[in-house]
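Working notes, structure below.
The values are calculated or read from the model by the stated rules, or taken from the named source; none is laboratory data. From a predicted model like this one, the values you see are computed outputs, not experimental measurements. With ideal geometry, Cβ positions are generated from the backbone for all residues, glycine too; neighbour counts draw on all protein chains shown. All accessible areas refer to the heavy atoms of the entire protein, side chains included, with ligands and DNA or RNA removed. Shrake-Rupley method; radii C 1.70, N 1.55, O 1.52, S 1.80 Å.
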Amino acid sequence: MVFPADKSVLVFLLCIWAVAARGQPGQSQEPTRIPLYSFSLHPPFIEDNLNNRWWNFGGDTIVESNKFIRLTSDRPSQSGWLWGKVPLTAAGWICEIQFHVHGENSLYGDGFAFWYTSEKEIQGPVFGSKDYFNGLGIFFDTYNNGRHREPFPIVSAMVGDGKTYYDHNNDGRSNQLASCSFHFQGLESARATIKYIRGELLEVRTTTGVTDNNGVLMWNDCFSVTNVTLPSVGYMGFTAHTGDVHDAHDILGITTTGLVNSGSSNLPPARGSASSPVSQPKPYNPVQSKGSVGSALLTALLVIVGILVLAYVVWNVVQQQKSKSFKRF
Ligand SMILES: [Ca+2]
């Protein structure tokens, strides 16, 4: 026996299913972006205690608190560094760097590096940092040591295992992952983003600061490499050095954002929170993000709806039986 109400319930269930199925992407869920203030840096760079809560600097680095962090001045044989104090453990993140590399001479070098490595604050020959590093180096290389045809400056990437050297005389070509040309030298508003998703992706994009008609920054793809895995714990840092040729290498701002699968609700505390000194998101889980969360939610929703439908049908039957009994009298 089928009550009319059952038919409408069936239609309702099918609608719920259709809506839920549409919510399950095919299946490209964008990760949630969470600001990581502990790994970002903006003016004033120096706080009241003449330090910065989250960053150390040293070597020849000069800080103009409201303007820049100058890793090297426009002089020969300089070497400076800026390193995060706490390790980053997020499995997905994107770091945007605003920088200004400039000098008075037509011959300039050598460039600066972005690091995500298991060690920090060790000076050496690779853009002012140690060689045989373990982790990621992104090199903003302004001096063409190897006399390559590729127009300089370039941005190149290397993932070191702690045993492999950086091929300085050949601008790192021997062991690099990828590179692109990027004419940032002399530009006041150059920026780059470095995006990493553990086991999946390393992507670098750049902009010269040019905007479109709507005032939106125009970004260029530099390179994208798949299946990249870095140490699960790493320090973020910036270093630069000069030799016979030189430049000022200024960091103007760093904005780091965690990439978290949308199923997580464990948002980090706001800046300055005393409850947790290091704001880090839960690891980005690419497998979970591809539908298992959506399936679990859908299943839970259908179970709840099923219970409500069952209760409604039982109630309907009871009401109809009561009505029949009443008519007998
Ligand atoms: Ca070089």
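Here are the numbers for the structure shown:
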read-out: Length-normalised contact order of the stretch 103-224 in % [C-alpha pairs under 8 Å, at least 6 apart]; value: 17 percent
read-out: Sequence-distant residues sharing a close amide H with residue 253 (under 5 Å, placed H); value: 98
read-out: Whole-Hz ³J(HN,Hα) from phi, Karplus 6.51 cos²θ - 1.76 cosθ + 1.60, for the stretch 124-129, glycine and proline x; value: x, x, 9, 6, x, 10
read-out: For residue 55, distant residues with modelled amide H under 5 Å away; value: 85
read-out: Mean-position separation - Cα centroids, the stretch 176-249 and the stretch 67-104, in angstrom; value: 12 Å
read-out: Residue-level accessible surface for residue 229, protein heavy atoms, 1.4 Å, Å²; value: 90 Å²
read-out: Local electrostatic count, residue 98, Cβ distance below 13 Å [Lys/Arg +1, Asp/Glu -1]; value: -1
read-out: Interchain or long-range residues, amide H under 5 Å from residue 122's placed H; value: 130
read-out: Cα-based shape type of the stretch 32-283, given that a ≥ b ≥ c are square roots of the gyration tensor eigenvalues and the cut on a/c is 1.5; value: rounded
read-out: Heavy-atom accessible area ranking, 1.4 Å probe, most first, across 173, 75; value: 75, 173
read-out: Point-charge dipole on Cβ atoms (K/R +1, D/E -1) for the stretch 32-283, about Cα centre, debye to 20; value: 740 debye
read-out: Relative contact order %, the stretch 32-283, counting alpha carbon pairs below 8 Å whose residues are six or more apart; value: 33 percent
read-out: Cα-centred dipole magnitude for the stretch 91-192, charges only on beta-carbon of K, R (+1) and D, E (-1), debye, nearest 20; value: 200 debye
